[in-house]
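Written below as structure tokens is the structure these notes are about.
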Amino acid sequence: MVKEVLVGLNCRPGCLYVDGTVGEGGHAAAILDSTRPDGRLWGLDQDPAVLETAAARLAHHTSRFQLFHCSYSQLGELLAAAHLEGVAGILLDLGLSSQQLQASQRGFSFMGDEPLDMRFNPENGGRTAAQLLNRAPRATLEKIFWEYGEEPQARRLARLVVQARQRRLFRTTQQLVEVIKQAMGPGWRRGRLHPATRVFQALRIAVNRELEQIAAFLEQVPGWLAEGGRLVVISYHSLEDRLIKEKMAAWDRAGVMARLTRKPLKPTPEEVAGNPRARSAKMRLAEKIVTLSNQEKSHVC
């Protein structure tokens, strides 16, 4: 949805944009290309490995970008340090990068057999997915599987996880996949989704406290945008999308930010054919309302 992102951000030369989940730099490169010759970009990410990839991809833009190893919820600290009051646009793409899924060896994917880590930033400490599975009470696991994964078999799965860890502690993704298949019963192959999809999503959200990060970001983002500045958020499951939808509606009612999408934008069939992981993407847009005293200003930069 690169074209939709550029239109949604209203990209223009001379402005500063923030990619809060820069990943491998795909959207960031498009933003820099569309804001030549003097548009600038800040790229934020918690994952140090993908930041290295982004740095290499964006290197030809020389001095027009900066990368920061931090969460998008910490953008306010960066703006304060740079003595900036606001930016022209902020993008969040809340999906996992291909590098994280295919090459991180941190257990984001259930297709191979990798250590059950799932931390976006292993350098920052914090519990791994394996530690969560091995130590959390059954009731906590059930809550995670149900609330974050919307897994119908959450209760049965939590019970089986506790039983399995008494025999052998969880260390790898395939250990967990086998327990998930057991919880789903013999009919698991008939489903459209792999039975591990929702559970891996739930664990990743819990390990990285993703919903807390999104909520903290949404509470502060109107103060980080210049008047007329745009927010573009791409989410991939209902929990994220619900938070974003409700907050944008609240901003709209309060006259703080105008909601530009009543219904989310979705990828075209052609894009889904080229990238099947995009099929669940939902994009929502909002714009900071210009006050009466500043209506004569033609742009936010």
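Within region 75-105, which residues are under 24 Å from L16 (Cβ atoms) and part of a helix (DSSP H, G or I)?
Within region 75-105, L75, G76, E77, L78, L79, A80, A81 meet the criteria.
Name the single residue that is surrounded by the most Cβ atoms within 10 Å (Cβ to Cβ) among those in region 1-20 being modelled with pLDDT of 95 or more and either of a type in the set (F, W, Y) or in contact with a helix residue (DSSP H, G or I) (Cβ under 8 Å, 6 or more places away or on another chain) (or both).
So, considering only residues that are modelled with pLDDT of 95 or more and either of a type in the set (F, W, Y) or in contact with a helix residue (DSSP H, G or I) (Cβ under 8 Å, 6 or more places away or on another chain) (or both), the one surrounded by the most Cβ atoms within 10 Å (Cβ to Cβ) is D19.
Restricting to region 105-116, name every residue that is touching a residue at least 40 places away in the same chain (Cβ under 8 Å) and surrounded by fewer than 22 Cβ atoms within 10 Å (Cβ to Cβ).
S109, F110, G112, D113, E114, P115 - these are the residues of region 105-116 that are touching a residue at least 40 places away in the same chain (Cβ under 8 Å) and surrounded by fewer than 22 Cβ atoms within 10 Å (Cβ to Cβ).
State which residue is farthest from the chain's Cα centre (by Cα) when the search covers only region 57-111 and only residues that are of a type in the set (F, W, Y) and farther than 30 Å from G228 by Cα.
F110
Mind telling me which of the residues E142, E123, E85 ends up being surrounded by fewer than 14 Cβ atoms within 10 Å (Cβ to Cβ), in contact with a helix residue (DSSP H, G or I) (Cβ under 8 Å, 6 or more places away or on another chain), of a type in the set (D, E, K, R) and in the same structural domain as A196 (by TED's automatic domain parsing)?
Values: E142 fails: surrounded by fewer than 14 Cβ atoms within 10 Å (Cβ to Cβ); E85 fails: in the same structural domain as A196 (by TED's automatic domain parsing).
Only one candidate qualifies: E123.
Taking region 39-55, which residues are at pLDDT 95 or above and in a loop (DSSP other than H, G, I, E, B)?
G39
Could you pull out the residue among E271, E240 that is farther than 29 Å from E85 by Cα and buried (at least 16 other Cβ atoms within 10 Å of the Cβ)?
E271
Since S34 meets every condition but one in (1) surrounded by fewer than 19 Cβ atoms within 10 Å (Cβ to Cβ); (2) polar (S, T, N, Q); (3) under 22 Å from E219 (Cβ atoms), which condition does it not meet?
That leaves (3) as the condition not met.
Identify, from the list A196, A136, the residue that is touching a residue at least 24 places away in the same chain (Cβ under 8 Å) and surrounded by 19 or more Cβ atoms within 10 Å (Cβ to Cβ).
The conditions single out A196.
List every residue pair whose Cβ atoms sit under 8 Å apart, with the two residues 6 or more apart in sequence or on different chains, where the first one lies in region 55-71 and is on the phi < 0 side of the Ramachandran plot and the second, anywhere, is in a helix (DSSP H, G or I) and of a type outside the set (A, V, I, L, M).
What qualifies is R57/G26; H69/P48; C70/E77; S71/Q213.
Give R259, R284, R253 a once-over and let me know the one that is surrounded by 13 or more Cβ atoms within 10 Å (Cβ to Cβ) and free of Cβ contacts under 8 Å to residues at least 40 places away in the same chain.
Details: R284 fails: free of Cβ contacts under 8 Å to residues at least 40 places away in the same chain; R253 fails: surrounded by 13 or more Cβ atoms within 10 Å (Cβ to Cβ).
Answer to the check: R259.
Which residue pairs have Cβ atoms under 6 Å apart, sit 6 or more places apart or on different chains, and have a first residue in region 220-249 that is farther than 16 Å from L265 by Cβ and a second that is among the polar types (S, T, N, Q)?
E227/N294
Can you give me the number of residues within region 23-43 that are touching a strand residue (DSSP E or B) at 6+ places or on another chain (Cβ under 6 Å), among the hydrophobic types (A, V, I, L, M, F, W, C) and farther than 17 Å from G76 by Cα?
3
The values are calculated or read from the model by the stated rules, or taken from the named source; none is laboratory data. All values reported here derive from a predicted model rather than from experimental measurement. Here the Cβ is made from the backbone with ideal geometry for all residues, glycine too, and neighbour counts use every protein chain on show.
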